[in-house]
Structure formats: structure tokens, C-alpha cells
Amino acid sequence: MFSKPSQTVYTVSRLNREIRTVLEQGFASLVLTGEISNFIAPASGHWYFSLKDDKAQIKAAMWRGNNRSQSYRPENGAQVTVKARVSLYEPRGDYQLIVEHMEPAGEGQLKQEFDALKMRLAAEGLFSSAYKKPLPQNINRIGVITSATGAAIKDILTVLKRRAPQLEVIIYPAMVQGKEAHIHLINQIELANARNEVDILILGRGGGSLEDMWCFNHEQLARAIHNSDLPIISAVGHEIDTTISDYVADMRAPTPSAAAELVSPNTQELHSKVTQLINRLNNAFKHSIADKRALATQLQHRLNLCHPRNQLNQKAQRLDELSIALQQAMQSRLYQQERTLNNLTPRLMRQSPDKKLAQASHQLSQLQARLNQAIQQQLQQANNSLALQASKLDSVSPLNVLARGYSITKTQQGKVVKSVGQIKSGDVLVTELVDGSVESTAL
């Protein structure tokens, strides 16, 4: 017996639909890492795979609209970091991830290490403005810690030559990339502080990947910057690049060229005001972006709940499953037909007409030989008969008569003269002999 007549009775499809809603609202967006397995990329363009670690796994799907912008092509066994939301595939009730972005796990691991170190150093107060030294009012000599042959030093010298050619520049050459680069940078910071020959230091390099600039995210370098008596401007990479050195330095410049502009004495006050305004603007912009992003996230979730794309993606996933099942069924059917064909081939060979054709060919050859022999006999008999008839014909031939001394007389018209009554005086007659003819005239 059911407990209450008024209790809601769910269908399976309704239950799955409501569970999907709960999952998608409860896990708006998350980042996780794992190993790819069972990767499938059907003709529809969608990707289906499992994401697993050593203890568990979860099914995942990445729709064609998201993976078309991916430069990274996943494969089984690859470690990846994905940004995804949790959902449910309603037809089967399968809990799954809908992946929006994917990248190799190496970059994701570096980003996690970066965030962890950033939080720890911030908690220690290394990023606090209370420890940041102001830039000197009068700058006469600038120290630059960077590669002596890189693009950064060239950009800095070009800007300083244009804006403040009277400034002296001392270069402290150091490695800016590689496993030992942070040691070189620390040594040069300590050397510049020991000599105390410059008013300010610029620490920087040109742009590059996260791995290329990783030495500027080293904890020991951050502490060396924090302990420096000389004020340090961090100018690493491009404007969009951010390193631990940027946070701990007394000032961050978006590029090495911008750092050179900041230390130009003729615009120092203006730069200070601009920097303050930029910081205020950045903070306001960040807060505004955060508010807008939160609102956009809420609206996006509301839109996702009613957007037909979700249903289309569900149907597309079902279509891909059916396509894969159809392909497997076709392959199985072809395999069965091939086995049947292999079984019938020996039976067909046993019924082959080749033996009967060989026997008929031999019999035909014998009949052909008998026919040729009969034809030869008929020809021989015909030749003998012809010779006999020719002998008889020759015996009555007029030529033989002529050979015995007889002749034949004809008129000029070719008529044989049998009687004197056929000719008259003056007619020309032709007398044929055995070896020629003679013409004469009748008297």
C-alpha cells in the first residue's frame, strides 16, 4: 500500500530530469584533473570519454561547439585538466561531466602550484603594501637584471635613450629561463644590493609560456625580492602575464618597456598618479567584472535549464550511441556472412564443372579427329572419281581428234562448217589444227 494518496508519483523520466536540474544547479562549474580512457570521437563531432584516477572514474562528454576551438587533441592515457559542469544523461540516468575546456595536465599542475604559492605568500604578508618601498624621487642610475642578449634589455635601453638619455644603466646579466634561472636572478639581486650602486632595480624578461617564465614564480626568488633594500620593479612578460615576482615586487610593470617609462624621472609623478588611477580602475573593474560574472553565471544556469541545446545534446549523444551500436551490428553481420561464405566455398568447389568440361573436351577432340579422317577419305574418293571422269572426258575431247590428223573449219562468226552449202564464194574460213589455225577464202 502507498503511504498517502496525495503523494507525488514520479515517472522515471521526470525523476531523471529533476535530478539533472539539481546536479547542474549544485555544481555550476568546476575544474578537475584525471586520465582519459575510452575516448570516442564519432562523425557528429562530439567527444565522449571517461575521466579517471586510481580510485574512481566518471563519464564525460564535450560537445562539438566547445571542442572545435581546442588546439589540444586528447587521447587515451593522457593526463588532462578540464573545466566542466555536472549533469545527467536522462535516457540512461548516467551521471556525467559536460566539459567546456580541456588542456594538458602539465599546465594545470603549474597553475595549481602557482595559486598555492600565491596564497601562502599572501598569507605571510609578502604582498602587503606595507612592505612595498616607494620609488625614489630622484633616479640617476638604474640597474637592470635580465638576459644581456634578450629583447627586454633592448626595449628598456631604447625607451630610456628616448625619454631620459642622461640616466646611467648598469646591467646585471642573468638567466631568465630554465631550472637554474632563479638562482642567477637571486645572485644578481644580492650583488646589486651589496654594491649599492643603483637607485632602483628592474627585474624582467620578454613574454613566453608559463613554463618559460616559471623561474619568476620561485619562492626563493620571491623572498629575495621581498628582502631587497633596493626598490624593485617587476616587468615580466606581456601585460596579460602575471608572476609571483609581480606580486611581491615594490611595483609591477606590464612590460619591460613600461618599466623603463616608470623610472623616467621627467614623468615620475605623472606615472605615479597614473599607476594609482590604474590600480583603482583595475580594482573597480575587477569588482565590476566579478559582479557581472556572478550575474552572468546565474543567468547562464537559468538559460541552460530551458535551453533546447541541452535536449539536442542529449539526443545527439543518444544518436551517437545508436550509430556506434549500428556499426558494431553491421560488423558482426559481415563477419557472419563471411563465415557462411567460407563454408560454402569448399562445397561449390566440389560441384565445379571443370571435370565435366575436361571430359567433354577430350571427347570433342576424338570426334574432331574422326571427322578429319572421314573428310580426308571423302576427299580421296572424290579425287579418284574426278580423275576417272577426266580420263573419260579426255578420250572424247576434240583436241585428241585433232591430234590424230583431223581439223575443224569455222566461219568468221565461229560456226562450225559441216556442209558446203553453208558457205559461198568469198567467205573467209578458219581451219583449226592441233598446233594452230589457218585462214582461207572460198572460191
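A few comments on the model shown:
- Meets criteria (in contact (Cβ under 8 Å) with a residue 24 or more places away in the chain, part of a helix (DSSP H, G or I) and among the β-branched types (Val, Ile, Thr)) for residue 170: no
- Answer residue from the stretch 15-41, given it is of a type in the set (S, T, N, Q) and without any contact (Cβ under 8 Å) to a residue 60 or more places away in the chain and is most open to solvent (accessible area, probe 1.4 Å) among those: 38
- Residue match in the stretch 327-334 (condition: without any contact (Cβ under 8 Å) to a residue 40 or more places away in the chain, part of a helix (DSSP H, G or I), open to solvent by less than 80 Å² (accessible area, probe 1.4 Å) and of a type outside the set (Ser, Thr, Tyr)): yes
- Comparison of 284, 296, 290, 260 shows that the only residue that is within 23 Å of residue 130 (Cβ to Cβ) and either in a loop (DSSP other than H, G, I, E, B) or out of contact with any Cys (no Cβ under 6 Å at 6 or more places or on another chain) (or both) is 284.
- Residue check, residue 130 free of Cβ contacts under 8 Å to residues at least 24 places away in the same chain and closer than 20 Å to residue 275 by Cα: yes
- Within this structure, residue 148 fails the test of being under 25 Å from residue 238 (Cβ atoms), touching a strand residue (DSSP E or B) at 6+ places or on another chain (Cβ under 6 Å) and assigned to a helix (DSSP H, G or I).
- So residue 71, is it of a type outside the set (D, E, K, R) and at pLDDT 85 or above: no
- Scanning the stretch 238-256 for residues that are open to solvent by less than 10 Å² (accessible area, probe 1.4 Å) and touching a Lys or Arg at 6+ places or on another chain (Cβ under 7 Å) yields one hit, 244.
- The stretch 141-167 - residue that is of a type outside the set (A, V, I, L, M) and touching a residue at least 60 places away in the same chain (Cβ under 8 Å) and, of those, most open to solvent (accessible area, probe 1.4 Å): 158
- Looking only at residues in the stretch 184-225 that are open to solvent by 50 Å² or more (accessible area, probe 1.4 Å), in contact (Cβ under 8 Å) with a residue 24 or more places away in the chain and part of a helix (DSSP H, G or I), the one that is nearest to residue 117 (Cα to Cα) is 219.
The values are calculated or read from the model by the stated rules, or taken from the named source; none is laboratory data. The shown structure was predicted, so the numbers you read here are calculated from the model rather than taken from an experiment. Note: ideal-geometry Cβ built from the backbone for every residue, glycine included; neighbour counts use all protein chains shown. Heavy atoms of the whole protein, side chains included, go into the accessibility calculation; ligands, DNA and RNA do not. Shrake-Rupley method; radii C 1.70, N 1.55, O 1.52, S 1.80 Å.
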